[in-house]
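Take a look at the structure set out below.
Since every read-out is calculated from the coordinates, none of them should be taken as a lab result. Keep in mind that what you see is a predicted model, and the values were worked out from it rather than measured. Backbone-built Cβ (ideal geometry, glycine too); neighbour counts: all protein chains shown.
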Amino acid sequence: MLLKFLIKLLLVLVVGLILISIFGKNFLVVNEEPVKSDVIIVLSGGEGRLEKAASLYDEGYAPQVLLTTYGEDGFSKQEVMAAGLPDEALILEEEATSTYTNALYSKQIMEKHQLNSAIVVTSDYHTKRTKFIFERVFEESGAELTFVAATPADSLGEFSWFTAFGEYVKLIGYYLGLYKFIDL
């Protein structure tokens with residue numbers, strides 16, 4: 001009896017998540033207007049993120065760019081050079097393994113360099129979860145954070161339902177606090 005109930009509940013949850021993933025993709029997207037800041041934080045792992053950060057840098061939104069997960073598992077020197085970011089503007093972070101650790105290490109670096117505001121750049125589908133975790137980590141820091149989607153405005157939300165499904169699963173994991181125990 002209990003097993004049947006659990007199977008039905010799981011089925012309803014999976015179907016619900018799939019429907020939300022297909023029809024509720026815009027919920028995942030946060031794209032705020034950039035404001036002048038002390039640093040641009042660009043999260044590794046997605047297409048267009050580095051280019052968007054370079055564009056914001058070129059437009060004068062911040063004098064420095066913090067590259068998370070720089071090196072073997074993140075941005076390469078060649079990618080950074082191709083984006084046109086000058087070495088003197090870069091702050092490198094090489095340890096992060098998840099969005100949560102991106103936020104933790106970014107906060108430490110901002111405190112070390114006495115930076116009080118940041119534009120956080122990531123993929124459109126990743127902005128809701130990024131905003132959730134960064135605001136939680138930075139909650140008592142007093143830092144001003146702005147979240148900008150790397151995807152051009154005319155194509156926001158044009159990611160696959162499968163990407164959205166995975167992002168909803170991770171977002172639920174973050175709401176449940178699982179990010180403290182596993183890399184999400």
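When the P(r) of region 31-100 is calculated, the portion above 20 Å amounts to 21% of the C-alpha pairs.
Taking only the Cα atoms of region 1-158, the radius of gyration and Dmax are 17.8, 65 Å.
Taking amide H as placed 1.01 Å from N in the peptide plane, the amide H of Ile91 sits under 5 Å from that of Val65, Leu66, Leu67, each at least 5 places away or on another chain. Sparsely packed loop sites in region 32-77 (the trypsin sites (Lys or Arg not before Pro) outside DSSP H, G, I, E and B with at most 16 other Cβ atoms within 10 Å) comprise Lys36.
Largest mean-square fluctuation among Asn102, Asn31, Asn116, in a Gaussian network model of the chain whose springs join Cα atoms under 10 Å apart, belongs to Asn116.
Taking a span of 18 Å or more along the helix axis (Cα atoms) and a mean Kyte-Doolittle hydropathy of at least -0.5 as the rule, the DSSP H helices of the chain that qualify are 2-23, 161-175.
Simple rule: put +1 on each Lys or Arg Cβ and -1 on each Asp or Glu Cβ in region 27-164, find the dipole, and look at Pro63, Val120, Thr99; the Cα lying farthest toward the positive end is Thr99.
Estimate the FRET efficiency between Leu178 and Lys77 by the formula 1/(1 + (r/R0)^6), using the beta-carbon distance for r and 35 Å for R0, to the nearest 0.05. About 0.55, to the nearest 0.05. Site pair Ser141 and Val12 shows an inter-label distance of 4.0 nm when each label is modelled 7 Å from Cα along Cα→Cβ.
Put in order of Cβ neighbour count within 10 Å, fewest first, the listed residues Phe147, Phe134 become Phe147, Phe134.
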